[in-house]
Amino acid sequence: MRWVDLKASILDFWSEFRRQKGGLLGIFLLVLLIFTALAAPYITSPDIPQKWHSYWEGNPTTVPPTWYNYFTSQKLAPHEVWGVNDVKFEAKGQNLGSGMKYYAFTFTYDNRYDIPPKDIILRNINVNLTNLESPAHIVLKVVRPDGKKVQLLDMDFTSGEVFQLAKMGSVRQAVFMWASQFEDPKVVASNRETIISTMDVMKVLFAKAQRGILVNPQALKGKYKFEVQIFTFNPGDKVDFSNMQIIFTGRTYGLMGTDYMGRDLWAGLVWGTRVSLVIGVSVAVLSVLIGIAFGVTSAYLGGWKDEFMQRVNEFVASIPTLPILILLAAAFKGHVTLITIVFLLVMFGWTGIAKVARSMALQIKEETYVEAARALGAGTSRIIFKHIMPQIMPYAFASMALSVPGAVLTEASLSFLGLGDPTKVTWGQILYDAQTNSATLNGYWWWVIPPGVAISLVALTFVLIGIAMDRVLNPRLRRL
Amino acid sequence: MGYGRYIVFRILNAILVLMLVTLLVSVLFTKVAEQDIKSSINEEIGLYLRGNPQLAQALSKDPQKYHQWYEREYNRRLKMYGLDKPFWVRVLERTKDTLTLNFGQTRNPIFGETNIAKIIMAAVPRTILLFTTAQIIVIFLGILLGVKAAQIAGSAFDRAISIVAMVTSSIPMWWFGMLAILIFSFKLGWFPGSGMTSIPPKTGFAYYTDVLYHMVLPVGTIVFVLFGGWAWTTRNIMIGTMQEDFIMAARAKGVPERKVIYGHALRASAPPIITMTIFALLGSIGGAIITESVFNWPGMGRLYWTALQQNDVRLVMGITFVTTLLYLFAMILADLLYGYLDPRVKVGASQKT
């Protein structure tokens with residue numbers, strides 16, 4: 001086939017294909033998916049696969065996405081991370097005499113939500129102590145919108161301390177002591193211990209100072225001013241605030257929420273596109289190529305060789321794929337790589353295509369031009385590659401597209417059973433985690449719905465393209 | 001003659017597949033068992049030493065002697081467990097065990113049982129109950145809708161069926177099950193999303209209605225994901241048949257349209273519809289099995305899930321073998337049916353006549 005012929009046939013194909021609405025939608029989705037897969041490091045961050053399998057420090061666990069607020073009557077606080085530029089310094093190393101130094105900064109959190117943050121985390125304040133015997137001292141107070149002042153922290157600390165306010169016993173105690181003056185004394189007296197241990201510290205801290213603050217806190221909206229004071233006691237001590245982080249652990253997080261390890265599901269979703277596309281496309285291309293080579297060879301050879309190859313085909317086709325895949329994957333548990341999965345899926349994926357390719361080749365073999373070529377002395381490989389293959393190629397492209405969904409779904413199923421490549425981020429694994437953590441029975445919809453939609457979308461993309469190609473390339477089906 | 005040969009071929013093929021699977025299961029099984037036994041031999045020797053402080057003391061003085069003693073003891077136990085035999089002999093023994101469904105014991109009891117064969121025997125009927133019920137509904141619905149769509153090809157209804165088929169064939173069935181639990185069990189609370197019976201199980205007639213009630217969501221999931229594909233296949237085959245000459249002849253003769261469709265066209269389309277769909281059915285067994293585990297239905301699917309969670313390779317092997325057995329059985333059944341329905345089926349020598 002000459003280059004101009006190829007160009008003409010491609011243009012011809014395209015002018016037919018563009019009339020297929022479903023096919024165009026498929027192409028659009030495919031472009032979108034490929035873009036997502038390629039741009040994954042830029043959309044999210046490049047280190048996601050490395051850190052995916054560890055706990056994500058500082059993130060809230062199993063919280064819905066931020067946009068969930070548009071659908072709820074109670075507004076939930078989003079996740080916010082502040083740095084040194086978001087606070088106002090009032091004193092930076094002011095000398096108080098006899099080596100004592102004083103640092104002070106404030107930050108103001110505007111609580112516009114019915115449910116305040118889960119926690120406030122203050123971390124990465126580096127103190128460089130010359131004498132560990134006299135550590136630094138921190139005092140943290142909050143001035144509420146109603147003018148009431150609560151002292152949360154008053155303690156010594158050294159470098160590397162992480163202040164997770166809601167998780168600290170002293171803060172819990174302080175908040176309880178402060179709030180109990182507004183609560184019904186009878187309630188406080190009767191359930192003191194249960195209230196202390198079960199109350200949501202942040203909800204109480206951000207609540208209206210009224211009866212019920214402990215048992216049924218109502219959010220008090222407005223600006224909360226946090227005042228932090230730090231003292232050091234040796235002349236050589238230094239405090240470095242440049243990496244400081246203040247995290248308001250959200251009741252919601254990002255575009256897709258988080259899972260039980262605090263992982264950003266949006267990042268997982270974006271990165272999962274890569275594995276899904278790579279597996280789907282490579283399995284489809286390889287199994288179609290093998291299938292066609294097998295089928296055409298079988299048809300061309302004919303006789304007992306054909307018979308034998310057909311029996312081999314039937315044999316492989318009647319192996320129940322999924323149970324055997326599960327068995328093999330379980331046997332290599334923990335060592336399964338993407339290539340193993342591709343190999344296993346190709347091993348079982350070529351049979352159907354081989355069958356169709358054989359019957360097509362049998363027809364073409366009887367055509368007069370093949371006979372003519374043979375009469376001219378053309379060899380086996382020339383007839384196969386020059387005369388039979390080009391006729392089968394259109395079918396091959398359509399069946400490549402149509403075998404992607406099966407591969408994608410099987411890979412997802414294996415991952416869902418916990419048998420995928422453990423070093424990759426896959427949608428099936430996200431759903432596996434969701435299933436082992438009973439996400440459905442707890443109603444964590446943001447953890448269950450998006451990965452499944454993504455899997456279906458990849459499959460649907462190739463179904464649409466495949467059916468459209470089939471209609472264009474096999475005109476017999478066009479009337480259907 | 002053709003039919004008989006065809007069936008013999010198919011049965012031989014099934015036996016060959018079963019042999020391969022058995023061999024694969026046995027090889028993996030032998031490997032795993034070897035690792036298990038070797039690590040337990042080390043533990044046993046350690047325990048024995050701790051039980052005999054005098055011997056331990058005597059041996060600890062002389063490392064050379066300890067080494068000899070250890071080697072002797074290790075080999076003795078290896079022989080006791082039959083590990084001294086060559087690998088392939090053990091594989092063959094294992095094959096015999098597999099064929100006689102002697103898979104051994106699980107570490108933790110499942111369904112109150114530790115014998116793997118008994119556990120699987122308890123699970124199989126439950127899976128068949130769920131899957132068969134769903135399939136009957138799918139076949140009925142699929143053929144009905146497919147015939148209807150073929151009758152009014154090109155209409156909005158026909159296009160809707162095609163779209164539903166395309167979309168549902170792209171959905172992982174087990175994920176749709178998770179979605180169904182989320183909506184109908186968690187959000188709306190209409191149906192239970194887990195298990196086969198209430199806990200504790202009801203007695204008498206209430207038991208059966210309770211099981212039916214628990215079946216609604218899993219069966220609904222399987223039906224929803226599969227019926228579109230059936231309808232679409234039926235439609236495509238029916239449209240092909242409706243363009244045949246004998247349909248035109250029947251119409252020209254004045255046969256009522258209803259009779260043309262159900263009497264002539266559907267009957268002629270039956271063999272391809274049945275085979276295509278039975279093979280689709282066999283293909284969907286895997287998905288249905290995983291779906292089962294999502295619904296915590298105590299069948300083969302949940303066994304798979306439990307086995308993989310507990311890393312119980314013996315159980316995985318047992319389930320694989322039994323699933324393969326069932327699969328091949330269903331396949332031969334499909335072949336028998338197809339060969340019976342379609343007299344054109346001929347293979348081998350009779351193909352040429």
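The values are calculated or read from the model by the stated rules, or taken from the named source; none is laboratory data. Not measured: the values here are computed from a predicted model. Cβ atoms come from the backbone with ideal geometry, glycine included; neighbour counts cover every protein chain shown. Just so you know, the surface numbers come from the protein's heavy atoms only, side chains and all, with ligands and any DNA or RNA stripped out. Shrake-Rupley method; radii C 1.70, N 1.55, O 1.52, S 1.80 Å.
Interface of A with B. Using a 1.4 Å probe and counting protein heavy atoms only, the two chains hide about 4200 Å² of accessible surface, both sides summed. Given 10 °C and 1.306 mPa s, how large is the Stokes-Einstein diffusion coefficient of the protein assembly as shown in µm²/s, with Rh as the Kirkwood radius over Cα pairs? Reported coefficient: 49 µm²/s. The mean count of C-beta atoms from other chains within 10 Å of the C-beta of residues in B:19-27, rounded to a whole number, is 2. Loop by DSSP (not H, G, I, E, B), at most 15 other beta-carbon atoms within 10 Å: where is the longest site-free stretch of chain A for GluC sites (Glu not before Pro)? Result for the longest clean stretch: A:134-365.
By the Cα gyration tensor, segment A:228-319 has an equivalent ellipsoid whose semi-axes, rounded to whole angstrom, run 66, 15, 11 from largest to smallest.
Ligands, DNA and RNA left out, the 1.4 Å accessible surface of chain A is 59% carbon and sulfur atoms.
Ligands, DNA and RNA aside, A:Phe233 has an accessible area near 70 Å² when probed at 1.4 Å. Between segment A:46-64 and segment B:161-215, what's the alpha-carbon centroid distance in Å? For segment A:46-64 versus segment B:161-215, the Cα centre distance is 32 Å. Packing, taken as the mean count of other beta carbons within 10 Å per residue, orders the peptides A:318-330, B:328-340, B:286-298 from highest to lowest as B:286-298, A:318-330, B:328-340.
Counting only other chains, and only Cβ atoms inside 10 Å, what mean value do you get across the residues of A:464-473?
On the way: counts 3, 0, 1, 3, 0, 0, 0, 0, 0, 0.
Shielding by partners across A:464-473 averages 1.
Using only the Cα atoms of segment A:99-181, build the gyration tensor, take square roots of its eigenvalues as a ≥ b ≥ c, and label the shape rounded, prolate or oblate: rounded if a/c is under 1.5, else prolate if a/b is larger than b/c, else oblate.
Working: a/c = 1.94, a/b = 1.87, b/c = 1.04.
Because a/c hits 1.5 or more and a/b exceeds b/c, segment A:99-181 counts as prolate.
On a per residue basis, the convex hull of the C-alpha atoms belonging to chain A measures out at 227 Å³. Amide H contacts of A:Glu90 (H built 1.01 Å from N, in plane; Pro and chain starts excluded): A:Ala104, A:Phe105, A:Thr106 sit under 5 Å, all sequence-distant by 5 or more or on other chains.
The angle separating the long axis of helix A:321-331 from the principal Cα axis of greatest extent in chain A is about 50 degrees.
Please list B:Tyr304, A:Tyr55 from largest to smallest accessible area, probe radius 1.4 Å, with all protein chains kept in place. Write out the running numbers ahead of the final one.
Values: B:Tyr304 5, A:Tyr55 125 Å².
Ranked from most to least accessible, the order is A:Tyr55, B:Tyr304.
The HN-Hα couplings worked out from phi for segment A:6-21 by the Karplus form 6.51 cos²θ - 1.76 cosθ + 1.60 (θ = phi - 60°) are 4, 4, 4, 6, 5, 4, 4, 4, 5, 5, 6, 5, 5, 7, 8, 5 Hz, whole numbers, x standing for Gly and Pro.
Compared with the dominant Cα axis of chain B, that is its longest principal axis, helix B:266-294 is turned about 40°. In terms of accessible area, using a 1.4 Å probe and ignoring ligands and nucleic acids, A:Trp56, A:Trp445 rank largest first as A:Trp445, A:Trp56. Here is the list for segment A:1-98: trypsin sites (Lys or Arg not before Pro) lying in DSSP coil, each with at most 13 other C-beta atoms within 10 angstrom of its C-beta, are A:Arg2, A:Arg18, A:Arg19. Please name which of A:Val150, A:Val175, A:Leu414 has its Cα lying farthest along the dipole of the protein assembly as shown towards the positive end, using unit charges on Cβ (Lys, Arg +1; Asp, Glu -1) and the Cα centre as origin. Comparing the listed Cα positions along the dipole, A:Leu414 ranks first. Couplings for segment B:168-181, taken from phi via the Karplus curve 6.51 cos²θ - 1.76 cosθ + 1.60 with θ = phi - 60°, read 5, 6, 8, 8, x, 4, 5, 5, 4, x, 4, 4, 4, 5 Hz in order; Gly and Pro are left as x. Scoring B:240-251, A:168-179 by mean Cβ neighbours within 10 Å over their residues and listing the highest first yields A:168-179, B:240-251. In order along segment B:40-46, phi translates into HN-Hα couplings of 6, 5, 4, 4, 4, 5, x Hz, rounded to whole numbers, per the Karplus curve 6.51 cos²θ - 1.76 cosθ + 1.60 with θ = phi - 60° and x for Gly and Pro.
Rounded to whole Å, the principal axis extents of the Cα atoms in segment A:61-128 read 57, 22, 17, largest first.
When only alpha carbons are used to place a centre, segment A:251-316 and segment A:90-133 end up 54 Å from one another. The overall shape of segment A:381-443, judged from the alpha-carbon gyration tensor, is prolate: a/c is not under 1.5, and a/b is greater than b/c. Can you tell me the 0 to 90 degree angle between the C-alpha axis of helix A:265-301 and the longest principal axis of chain A, rounded to 10? Result, in degrees: 10.
Local charge for A:Ser318 was computed over the other residues whose Cβ lies under 14 Å away, with Lys and Arg +1 and Asp and Glu -1, and equals +1.
Between rounded, prolate and oblate, where does segment B:149-234 land on the alpha carbon gyration tensor, with a ≥ b ≥ c its root eigenvalues, rounded for a/c under 1.5, else prolate if a/b exceeds b/c?
Details: a/c = 3.31, a/b = 2.26, b/c = 1.47.
Taking the square roots of the gyration eigenvalues as a ≥ b ≥ c, segment B:149-234 is prolate.
Could you rank A:Arg112, B:Arg258, B:Arg90, B:Arg126 by how accessible they are, 1.4 Å probe, largest area first?
On the way: A:Arg112 140, B:Arg258 180, B:Arg90 30, B:Arg126 60 Å².
Order by accessible area, largest first: B:Arg258, A:Arg112, B:Arg126, B:Arg90.
Taking only the Cα atoms of segment B:118-309, the radius of gyration and Dmax are 19.6, 64 Å. Normalised per residue, the accessible area of the protein assembly as shown is 48 Å², obtained with a 1.4 Å probe and no contribution from ligands, DNA or RNA. Of the whole protein surface, B:Ser155 contributes about 30 Å² of accessible area at a 1.4 Å probe radius.
Leaving out ligands, DNA and RNA, and with a 1.4 Å probe, what % of the accessible surface on segment B:124-226 is carbon or sulfur? It would help to have the intermediate numbers written out before the result.
Details: 3820 of 4930 Å².
Carbon plus sulfur share of accessible area: 78 percent.
Which residue, B:Val89, B:Val164, B:Val316, has the most motion in a Gaussian network model of chain B that connects Cα atoms within less than 10 Å? Most flexible of the set in this elastic network: B:Val89. Across q = 0.07, 0.10, 0.12 Å⁻¹, chain B modelled as identical point scatterers on its alpha-carbon atoms has Debye log10 I(q)/I(0) values of -0.47, -0.81, -1.03, in the order of the q list. Within 10 Å of the Cβ of each residue in A:312-321, the mean number of Cβ atoms contributed by other protein chains is 6. Computed from point charges on the beta carbon alone (+1 for Lys and Arg, -1 for Asp and Glu), the dipole magnitude for segment B:46-179 about its Cα centre is near 480 Debye. Packing, taken as the mean count of other beta carbons within 10 Å per residue, orders the peptides A:412-421, A:144-153 from highest to lowest as A:412-421, A:144-153.
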